[in-house]
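What follows is a short report on a single structure.
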Amino acid sequence: MISLLYSISCDLARKSKLSQTISMKEIEIKILEVDVDDLITRLLDFGARQVFDGQMNVKFYDFTDRRLKKEKKFARLRQVGDEVEFTVKQKISQDQAKIVNEYEVNVSDFAQMHTILTQMGLEVHRHYRKHRTSYIIERVRFELDTIENTPTLLEIEAPSIEELYRWVEKLGYPQEKALPWSGSDVLKHYGKL
């Protein structure tokens, strides 16, 4: 079924004349309850470039029997500013960092893609909104996320675990603060799930 979802997302991209389909390994950690002003100052001192600041509308889908979750997979539809992304992920590891295989495609219409997914038998099992401010330094992304009614967290995504932890150290955080958590883990931690 996951391959069917991916095939459908690629077909939607072709039909909507959107050419970018992304397939990659995502490696990231989260650091909870950061001092936002201090962190932004440090990022800018390292030459970070802000690439996004805005609201995100995020929906996660699964079948009634939760077969995607049982297979350590999930399907996500999210609106990031004016862009809409459909993503399928499969968890590889959650030891030193959260590592997933990620397949993502831009689609043109959030509501229409939601309808397509529900017509395929998927249902929304989680929905939230968050504010995100994104920075980039070289190939590393720094996301400051404030999920509804939770303290702001930092998510660092890098091409390798070594580079990820190099930035944890450069930003002055102890390694034990770098959590290999998913968004669900964060929501559970704050009693929101």
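The values are calculated or read from the model by the stated rules, or taken from the named source; none is laboratory data. Not measured: the values here are computed from a predicted model. Cβ atoms come from the backbone with ideal geometry, glycine included; neighbour counts cover every protein chain shown.
For segment 116-131, check the following and say yes or no: at least one residue is hydrophobic (A, V, I, L, M, F, W, C), touching a strand residue (DSSP E or B) at 6+ places or on another chain (Cβ under 6 Å) and at pLDDT below 95.
No: zero hits.
Out of the residues in segment 67-92 that are among the charged types (D, E, K, R) and under 18 Å from ARG132 (Cα atoms), which is farthest from the chain's Cα centre (by Cα)?
Selected residue: ASP82.
Does LYS177 satisfy being surrounded by 14 or more Cβ atoms within 10 Å (Cβ to Cβ), more than 22 Å from GLY47 (Cα to Cα), over 14 Å from the mean Cα position of the chain (by Cα) and charged (D, E, K, R)? Write out each step before concluding.
Numbers: surrounded by 14 or more Cβ atoms within 10 Å (Cβ to Cβ): yes; more than 22 Å from GLY47 (Cα to Cα): yes; over 14 Å from the mean Cα position of the chain (by Cα): yes; charged (D, E, K, R): yes.
Judged against the criteria, LYS177 is a match.
Looking only at residues that are among the acidic types (Asp, Glu) and at pLDDT 95 or above in segment 65-94, which one is farthest from PRO159 (Cα to Cα)?
Only one residue tops the list, namely ASP65.
For segment 105-141, give me each residue that is of a type in the set (Gly, Ala, Ser) and over 14 Å from the mean Cα position of the chain (by Cα).
SER108, ALA111, GLY121
For ASP65, only one of the following conditions fails: (1) surrounded by fewer than 13 Cβ atoms within 10 Å (Cβ to Cβ); (2) among the acidic types (Asp, Glu); (3) touching a helix residue (DSSP H, G or I) at 6+ places or on another chain (Cβ under 7 Å). What is its number?
With respect to (1) surrounded by fewer than 13 Cβ atoms within 10 Å (Cβ to Cβ); (2) among the acidic types (Asp, Glu); (3) touching a helix residue (DSSP H, G or I) at 6+ places or on another chain (Cβ under 7 Å), ASP65 is out only on (3).
Results for (1) of a type in the set (Lys, Arg); (2) within 18 Å of GLU148 (Cα to Cα), shown as yes or no for each residue.
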| site | (1), (2) |
| --- | --- |
| ARG67 | yes, no |
| GLU71 | no, no |
| PHE74 | no, no |
| LEU77 | no, yes |
| VAL80 | no, yes |
| GLU83 | no, no |
| PHE86 | no, no |
| GLN90 | no, no |
| ASP95 | no, no |
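Tell me yes or no: at least one residue of segment 41-61 is acidic (Asp, Glu), at pLDDT below 95, more than 23 Å from GLY191 (Cα to Cα) and within 18 Å of the chain's Cα centre (by Cα).
Checked segment 41-61: no residue is acidic (Asp, Glu), at pLDDT below 95, more than 23 Å from GLY191 (Cα to Cα) and within 18 Å of the chain's Cα centre (by Cα).
Considering only segment 168-184, how many residues are modelled with pLDDT of 95 or more and either acidic (Asp, Glu) or closer than 22 Å to ASN101 by Cα (or both)?
6
Based on this model, can you work out whether ARG14 counts as modelled with pLDDT of 95 or more and basic (Lys, Arg)?
So ARG14 fails the test.
Filter segment 71-105 down to the residues that are closer than 15 Å to SER184 by Cα and charged (D, E, K, R) and list them by number.
Listed by number, the residues that qualify are LYS72, LYS73, ARG76, LYS89, LYS91, LYS98.
Report the residue count in segment 29-87 for those that are touching a Gly at 6+ places or on another chain (Cβ under 8 Å), among the aromatic types (Phe, Trp, Tyr) and not in a strand (DSSP E or B).
Qualifying residue count, segment 29-87: 1.
Restricting attention to segment 169-191, report how many residues are under 16 Å from GLU143 (Cα atoms) and part of a loop (DSSP other than H, G, I, E, B).
Going through segment 169-191 one residue at a time, the tally reaches 6.
Picking from VAL100, VAL80, VAL88, which residue would you name as being among the β-branched types (Val, Ile, Thr), in contact with a helix residue (DSSP H, G or I) (Cβ under 8 Å, 6 or more places away or on another chain) and on the phi < 0 side of the Ramachandran plot?
Matching residue, one of VAL100, VAL80, VAL88: VAL88.
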